[in-house]
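Here the structure comes first, spelled out in structure tokens, and everything after it is commentary.
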Amino acid sequence: MIYLNEPKQPNQKDWKFVKELSEPVNLHFNWTRTLARENEADLNRGIKIENNFPAVNNNLETALNDLNIFFTAAKINLDGKYKIIIEKTDSACFEAYRLDIKLDSCRIQANDSEGVRRAIYYLEDLLLSVDGAFLKIEVINRKPWLKSRISRCFFGPIKRPPLNRDELLDDMNYYPDEYLNRLAHEGINGLWLTIAFSDLCKTSITELAPDAEKRLAKLRRTVEKCLRYGIKTYIFCIEPRAMAPDNPVLLNNPDLKGPTAWDENHCFCPFSDVAQDYLYDSTNWIFSQVPSLGGMINISFGERATTCLSSHFGIACPVCSKKTPGEIIAASLKPMERGMREAAPEAELISWLYVPQNGTGFSCDEQMLDVAEKLPKNVILQYNFESSGGKEQLGKYRHAGDYWLSYVGPSNIFAELSKTASAHKNAVSAKIQVSCSHEVATVPLVPVPGLLYKKYKAMYDLGVSHVMQCWYFGNYPGIMNKAAGELAFEDFNDSEEDFLRRLAGPEWGQHADQAVKAWELLADGYANYPLDNMFQYYGPMHDGVVWPLHLKPADKPLAPTWKLEYGTSADRYGECLGTFSLEEVLTLCAELSRKWHSGMKILRELRPDFKDSKECLKDIALAEALDIQFQSGYNILKFYALRDELLTVTDGQGLKILSQMQELVLTEIKNSTRMVELCEADSRLGFHPEAEGYKYFPEKLAWRIKLLKSLLEDDFPQVQERIMSGKKAFIERKSKSYCCNSAKYEYTANFAWKANYEDGKLKISIDNFTNAPDDEFRIFLETKAFNPPQNIIGSGKHEIEIPLVTNAKEVGFNIFKTNKLNSNNGYSGWETFYPLTHRLVLGDYNPQAKGRLILNNSKTKEKYLKENQTKKKERV
């Protein structure tokens, strides 16, 4: 296969979906009936809007304008007889409203403008759900149980490497009016964006950053613009941020200096007077400068180092070692909450404990419960809804890390934290993913609203009152956002199917039942997504449609699904399996794909009846795009399962396997070809918001098609010829080899080693020539080809014993030395080791840099013994 250079990313100015988000939604009315039924109000003779609600800052202007546009699009006379009367009355809570629908009028009643807004949007949905311009005569009372429903701009900068874009420093409009209008219609009443105290704040110990005024000015403009649609702006940060040892603030204020954290920065010790003043000043400054902010979401623990709690729960700090985790967090939150409240009494401080527990072995449930018990008054506790949860798949319990849509949750720890915080009178916020999650984030949304129903019902039962609905991804407008918005007002007195039917009404009209059936199949299929973070982080479901297929083993790694700078994934499929076997993942992916395809077909059959509905046609095409992505994900894994079989056969069976692999390649050419058409029609496809670019796009799909055709033309005939001539399918890669129990030392630049293997134990003996106190030996042991190795670290040890129970005759192996304190010395190893760019969980292992450790081959052992004896004689 001739490997071509990957095509360049589309330029940001070519992100067509940005322009589409600034355009009005194409309303589709399913009105075919002209005569009213008994107990229905008839709007066909026109309507008259009477707004008696007292104006406050014109904050109802956008909602009233939307209502006028709605009836104009419906061709309903705006100077008619049917009255829509908007008036102020008492209501149960903020955003609660009443619709009193009578034969000659509909009264919209609420105590606040946002209640009126919600009522207007709900009235529009009622009319979109029916087959004519009629309203059922009834009284409707609705109130939200979720107070804050916070999302994010789909294409906003993430303020992180590699691009480090900051939305408060550029001139881009991330909040076009029609985009905000869509979000408001879907129940969003908060949006978050990223800041850092050092960028915005003036305190007793810090001056304003050079660009602070520019940032604050844009933040004010953003806040005011979003408020026109009833949407508050929340600043997101990770504060107090740990500081580098040479940070002038730390050098001038040594009382702030806590122990060293995992990132080599110094934790922020919050107990000194200077620390308390700094935290108070920071929030007081921001909220004084921008008093209309909705609040602040702060990761108080996790993700990045903050207080001394980030370093072994403060045990290395002379002050914090005498405190509990809750006391440490409270010491940082109290001044922040006070500073915020004194500047903006209505603003909310949400303390996010980000503890994913994604299989790393890190667990701190007891410490987090202490934090929940000691959380300061008026601080909202936020935790990931699924963190450390799990469920059974294929007869085994599977552990979830975090960020799941396919897994409902909640985890036990979320439930315990919710109960604990509620018992101490603190509100609880759930961090979830609404539109999509790390499972597949290269589409705007995954249409499985039934799974959201289950999540929100569980949240409702736990008394959750706030929700953060996304990370950088999972926030595109559409049916999932709409479902979340409706569920925030749901009382759960009827069934999931009843809710889905109401949800489907405005968009699918008389075909709502078919849409519900499709959604149920899609959700049933999606629930089979393999529950392991590694499959999310490195698996083929995001962008498998552009993965090359390697018939000849390349032994090249997979790329993180949420990043672009690592290039495209190759053939080390085992890196995405986590705790699953390849066979288990294939079983689950086959079921996922099968059920998804069945649901997609139901939606596709509705296409002729919605040729005038742009939104419905895009939803149908999106379901097809996901169908292709799931098929491709399965096909890629199946291809490598067959290649594993091909590694050991030399007879006619090999030709049969090769033929099956060839069929998979042909199918993938068709999948990529069809995806080109879908991408050209929908610019959202392939875009990953956290990657800040496209994981797949038409040019890259065409690139993959060329590679696959080259694979068929070049590699398949070569392998076929080898099999037909009785040879192994593939030429073995040349590498060093070592036979265990040979007593032979292998020499490197500054150490030597030998290996013995018996009784399921591998013993590595090391002769370290330098014996520096911080020398560290790392051993990579790859017991299964194309899978992550064991990574064994021995600090200063001269013998390292490794349990190794295997039937394999040989394993992949490398050993090298580095120094913990002086990493500039590089690596000295058996096979030359050039580390890869570090990948989350997988580290810097380079599979190209390994030899073969032969465990039990008597002939090779005799050869090594003879060679060793010869060398000894020569030395004598």
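The values are calculated or read from the model by the stated rules, or taken from the named source; none is laboratory data. Note that the structure is a prediction, hence the values are computed from the model and not measured. Note that we place each Cβ from the backbone using ideal geometry, even for glycine, and neighbour counts take in every protein chain shown. Just so you know, the surface numbers come from the protein's heavy atoms only, side chains and all, with ligands and any DNA or RNA stripped out. Shrake-Rupley method; radii C 1.70, N 1.55, O 1.52, S 1.80 Å.
As a test of the formula, what do you get for the chain when each DSSP H run with n ≥ 4 contributes -39,500 (n - 2.57) and the sum is divided by the residue count, at 222 nm and rounded to the nearest 500 deg cm²/dmol?
When only DSSP H runs of four or more count, the value is -11500 deg cm²/dmol.
Give me a comma-separated list of calculated 3J(HN,Hα) values for segment 15-21, in order, Karplus coefficients 6.51, -1.76, 1.60 applied at θ = phi - 60°, integers in Hz, x for any Gly or Pro.
Once rounded to whole Hz, the list reads 6, 5, 5, 5, 5, 5, 5.
Using the Cα centre of segment 508-663 as the reference point, and only Cβ charges (+1 on K/R, -1 on D/E), how large is the resulting charge dipole? Debye, rounded to the nearest 20.
With only Lys, Arg, Asp and Glu charged at Cβ, the dipole is about 320 debye.
Can you give the FRET efficiency for Glu6 and Asp246, using 1/(1 + (r/R0)^6), R0 = 51 Å, r = Cβ-Cβ distance, to the nearest 0.05?
0.85
Would you please give the FRET efficiency between Leu78 and Ala36, computed as 1/(1 + (r/R0)^6) with r the Cβ-Cβ distance and R0 = 25 Å, to the nearest 0.05?
0.80
Of Ile380, Asn475, Leu452, which is farthest towards the positive pole of segment 377-484's charge dipole, taken about the Cα centre with +1 and -1 on the beta-carbons of Lys, Arg and Asp, Glu respectively?
Ile380
Roughly what % antiparallel, to the nearest 5, for the DSSP beta bridges in the chain?
Expressed as a percentage, antiparallel bridges in the chain total about 55.
Working out 0.36 nm times the residue gap between Arg733 and Glu50, then minus their Cα-Cα distance, what length gain in nm do you get to one decimal?
Length difference between fully extended and current span is 237.9 nm.
Which residues in segment 585-612 have a backbone N closer than 20 Å to a point placed 7 Å from the Cα of Gln514 along the Cα-to-Cβ line?
595-612
When the Cα centres of segment 91-130 and segment 492-523 are compared, how far apart do they sit, in Å?
22
At a probe radius of 1.4 Å, what is the per-residue accessible area of Cys739, in Å² to the nearest 10?
About 0 Å², rounded to the nearest 10.
With a point put 7 Å past each Cα toward its Cβ, work out how far Leu103 is from Val319 in nm, to one decimal.
Simple spin-label model gives 7.4 nm for this pair.
For Rg and Dmax of the Cα atoms in Å, the listed values are (i) 32.1, 105; (ii) 28.2, 97; (iii) 30.5, 114; which was obtained by calculation from the structure presented?
After the calculation, the listed value that fits is (iii).
Along the charge dipole of segment 16-170, Cβ charges K/R +1 and D/E -1, which of Phe29, Pro157, Leu128 sits furthest on the positive end?
Of the listed residues, the answer is Pro157.
Can you tell me the order of 539-546, 570-577, 335-342, 273-280 when each peptide is scored by its average per-residue count of other Cβ atoms within 10 angstrom, highest first?
539-546, 570-577, 335-342, 273-280
For the pair Val805/Thr837, report the inter-label distance in nm, with labels modelled 7 Å from Cα in the Cβ direction.
In this crude label model, Val805 to Thr837 measures out at 4.0 nm.
By accessible area of protein heavy atoms, probe 1.4 Å, what ranking do Lys374, Lys425, Lys102, Lys19 get, highest first?
Reading off the accessible areas and sorting them downward yields Lys425, Lys19, Lys102, Lys374.
Enter the accessible area of Ser321 (Å², nearest 10), with the probe set to 1.4 Å and all protein chains included.
60
Mind checking the full-extension length gain between Arg160 and Ser765? Use 0.36 nm per residue of separation minus the Cα-Cα distance, one decimal, nm.
This chain segment gains 213.4 nm when fully extended.
Using only Cα atoms, tell me the angle between helix 512-526 and the longest principal axis of the chain; keep it within 0 to 90° and round to the nearest 10.
That helix lies at roughly 20 degrees to the long axis.
On a 1.4 Å probe surface of the protein chains, which of His312, His185 comes out largest in accessible area, and what is the full order?
Per-residue accessible area, sorted high to low, gives His312, His185.
Computed FRET efficiency, Cβ-Cβ of His312 and Asp844, R0 22 Å: what is it to the nearest 0.05?
My answer for the efficiency is 0.35.
Given +1 on the Cβ of Lys and Arg, -1 on the Cβ of Asp and Glu, and no further charges, what dipole in debye does the chain carry about its Cα centre, rounded to the nearest 20?
2000
Excluding Arg304 itself, what net charge comes from residues whose Cβ is under 12 Å from its Cβ, given Lys and Arg +1 and Asp and Glu -1?
-1
Output ³J(HN,Hα) for segment 54-59: one whole-Hz value per residue in order, computed from phi by the Karplus curve 6.51 cos²θ - 1.76 cosθ + 1.60 with θ = phi - 60°, and x for Gly and Pro.
x, 6, 9, 6, 6, 6
For segment 606-753, give the magnitude of the charge dipole about the Cα centre (Cβ charges: +1 Lys/Arg, -1 Asp/Glu; no others), in debye to the nearest 20.
620
Using only Cα atoms, find the angle between the long axis of helix 496-508 and the longest principal axis of the chain, and express it within 0 to 90 degrees, rounded to the nearest 10.
70
Lys/Arg Cβ at +1, Asp/Glu Cβ at -1, dipole of segment 563-644 taken about the Cα centre: which of Thr579, Met600, Leu642 is farthest positive-ward?
Met600
What are the ³J(HN,Hα) couplings of segment 186-193, residue after residue, when phi is run through the Karplus curve with 6.51, -1.76, 1.60 and θ = phi - 60°? Round to Hz, x for glycine and proline.
My calculation for segment 186-193 gives 8, x, 5, 10, x, 10, 10, 9 Hz in order.
Which lysines have a Cα lying under 30 Å from the Cα of Lys214, excluding residues fewer than 8 positions away in the same chain?
Cross-link targets: Lys13, Lys16, Lys19, Lys159, Lys202, Lys225, Lys232, Lys334, Lys563.
According to a simple spin-label model (label point 7 Å from Cα along Cα-to-Cβ), what is the distance in nm between Leu655 and Met724?
Taking the two extended label points, one gets 0.8 nm.
To the nearest 10 degrees, how steeply does helix 61-73 sit against the main Cα axis of the chain, on a 0 to 90 scale?
80
How big is the Rg/Rh ratio for segment 209-262, C-alpha atoms only, Rh by Kirkwood, two decimals?
Result for segment 209-262 is an Rg/Rh of 1.18.
Between Thr587 and Glu663, what length in nm is gained on full extension when 0.36 nm per residue of separation is reduced by their alpha carbon distance?
Between Thr587 and Glu663, full extension yields an extra 25.4 nm.
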